[in-house]
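Peer 1: The structure follows.
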Amino acid sequence: LKQAAHIGQMMSDLLGNLRYFFTPLASYIIDMPEACMLACVRGKTSPVTLTMYKEFGDAFRHPPCTAESTLNQLASITCDPLDVEGYFNECSHFRLSGVFLPFWRNWPQADPSWFLTPEALHHWHRQFYDHDVQWCLRVVGAKELDFRF
């Protein structure tokens, strides 16, 4: 797929005609720990925005965590990646996980803030329980919620 994104690939379309296609990395369905790993950020940091856990829930829309910014941060680290402890400490200044060469670095138009797609069932279930249900519990109380539903 990465090679086809660079140089293209002849494929047939729905009508059977041969066309020259380029394959972007459109979606990578994963859960939150894997998303952080692929975006090269540490835990409690958003893999798609430049937000730390203390800023989650702000009314402010944070800028995206782009491939360019992540790769620039990785390039600015002067420590040898084979010195694991030293490299990991240098990465902590940028809240990076310590991944030296992300697989998407040379994939045309690949950007974690675009292609990371949350695992629907787990993500929406957690969203519903952690936010919506907890809000309802605070508003009406557990007894009333149990009585009605």
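Peer 1: With a 1.4 Å probe and every protein chain left in place, work out the accessible area per residue of the chain in Å², rounded to a whole number.
Peer 2: Per residue, the chain has an accessible area of 73 Å².
Peer 1: Something else now. Using a 7 Å offset from the Cα along the Cα-to-Cβ direction at both Lys54 and Arg19, what is the distance between the two label points in nm, to one decimal?
Peer 2: 4.9 nm
Peer 1: Could you sort Arg61, Arg105 by their accessible area in this structure, using a 1.4 Å probe and putting the largest first?
Peer 2: The ordering from most to least exposed comes out as Arg61, Arg105.
Peer 1: Of all the accessible heavy-atom surface of the chain, with the other protein chains kept in place and a 1.4 Å probe, what percent is carbon and sulfur?
Peer 2: Here carbon and sulfur together make up 61 percent of the probe-accessible area.
Peer 1: Could you order the peptides 67-77, 133-143, 7-17 from most to least packed, using the average number of other C-beta atoms within 10 Å per residue?
Peer 2: With the highest mean Cβ count within 10 Å placed first, the list reads 67-77, 133-143, 7-17.
Peer 1: Tell me the label only: which of [x] 18.3; [y] 15.8; [z] 16.6 is Kirkwood radius over Cα pairs in Å as calculated from this structure?
Peer 2: [x]
Peer 1: Rounded to the nearest 500, what is the 222 nm mean residue ellipticity of the chain from helices alone, with -39500 (n - 2.57) per DSSP H run of 4+ residues and division by all residues?
Peer 2: -10000 deg cm²/dmol
Peer 1: Which angle from 0 to 90°, rounded to the nearest 10, does the C-alpha axis of helix 67-76 make with the longest principal axis of the chain?
Peer 2: For 67-76 against the chain, the angle is about 70 degrees.
Peer 1: Something else: So what is the relative contact order for the chain, in percent, with contacts set as C-alpha pairs under 8 Å and at least six apart?
Peer 2: 27 percent
Peer 1: For the chain, give the share of DSSP beta bridges that are antiparallel, in percent and rounded to the nearest 5; count only bridges with both residues there.
Peer 2: Counting DSSP beta bridges with both partners in the chain, the antiparallel share is about 70 percent.
The values are calculated or read from the model by the stated rules, or taken from the named source; none is laboratory data. Quick caveat: nothing in here was measured; it's all calculated off a predicted structure. A quick note on method: Cβ atoms are made from the backbone with ideal geometry, for glycine too, and the neighbour counts reach across all protein chains shown. Accessible surface is based on the protein model in full, side chains and every heavy atom, while ligands, DNA and RNA are left aside. Shrake-Rupley method; radii C 1.70, N 1.55, O 1.52, S 1.80 Å.
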